[in-house]
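Quick one: this structure, given as structure tokens, is what I'll be asking you about.
The values are calculated or read from the model by the stated rules, or taken from the named source; none is laboratory data. Just so we're clear, the structure is a prediction, and the values are computed from it rather than from any experiment. Cβ atoms come from the backbone with ideal geometry, glycine included; neighbour counts cover every protein chain shown.
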Amino acid sequence: DKDRDDLFAETPPLEAKRMLFSRAATRRRDGKMRKLLLIDARKAHLNPKCEQDVYVMLPEECECPEGMCGKLDCWLYGFRPAAVAWEKHYSELLESVGFQRGESCGVVFYHKEKDISLAVHGDDFTFCGLEEDLNWIKDLMASWFEIKVRAMLGSDPGDQKVVTILGRIVRWTTE
């Protein structure tokens with residue numbers, strides 16, 4: 001559909017992820033090595049409030065009287081506005097703690113004070129920064145959403161070295 005921006009959520013170009021990987025592997029600050037933190041927000045589309053009057057038919061197992069319907073408090077996955085509402089929701093939260101949105105790509109963010117870079121692909125968040133700063137954002141994310149930390153990739157012996165992102169295997173090696 002032409003001119004229907006409400007049907008799609010923005011996705012970062014693959015180069016945005018590559019930029020994070022390159023930044024983690026090559027840039028240092030105060031002699032410390034950056035790491036990559038991958039977080040999955042679970043049930044992402046249930047987080048933003050439905051700001052419209054949207055009604056749904058209830059399933060038979062609800063045993064409601066005939067003619068009864070349900071009004072959505074939060075968006076359900078698969079509703080056209082759900083992805084856009086999710087993007088707006090997490091963007092507002094990130095911006096409230098100091099992240100700035102990218103100008104050419106609205107799902108790429110940067111936190112200048114903490115020097116954290118971020119690319120969001122749907123409900124998958126890929127952060128690049130120093131470990132103490134990544135722990136800060138991980139704790140914030142856990143207070144906002146139900147999350148799963150998929151990996152903390154880095155050069156330290158306790159860090160993970162392999163993760164699959166968007167069907168691609170990413171390995172952290174000494175090279």
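Being under 17 Å from Met19 (Cβ atoms) and either in contact with a Phe, Trp or Tyr (Cβ under 7 Å, 6 or more places away or on another chain) or among the small types (Gly, Ala, Ser) (or both) is the filter here; which residues of the stretch 124-146 pass it?
Correct list: Gly129, Leu134.
A follow-up question, please. As an exercise: evaluate Lys43 against (1) basic (Lys, Arg); (2) within 30 Å of Leu118 (Cα to Cα); (3) touching a strand residue (DSSP E or B) at 6+ places or on another chain (Cβ under 9 Å) and give the number of the one condition it does not meet.
Every condition holds for Lys43 apart from (3).
Can you name the condition, by its number, that Glu103 falls short on among (1) at pLDDT 85 or above; (2) part of a helix (DSSP H, G or I)?
Of (1) at pLDDT 85 or above; (2) part of a helix (DSSP H, G or I), only one is false for Glu103: (2).
Any idea which of Pro48, Pro13, Pro65 is of a type outside the set (S, T, N, Q) and within 24 Å of Asp139 (Cα to Cα)?
Testing whether each residue is of a type outside the set (S, T, N, Q) and within 24 Å of Asp139 (Cα to Cα) leaves just Pro48.
Counting only residues that are among the acidic types (Asp, Glu) and more than 14 Å from Leu94 (Cβ to Cβ), give me the strands (runs of 3 or more DSSP E) lying completely in the stretch 112-173 with at least 1 of them.
Qualifying strands (runs of 3 or more DSSP E): 124-129.
Filter the strands (runs of 3 or more DSSP E) completely within the stretch 4-93 down to those with at least 3 residues that are at pLDDT 80 or above and in contact with an Asp or Glu (Cβ under 9 Å, 6 or more places away or on another chain).
So the answer is 35-41.
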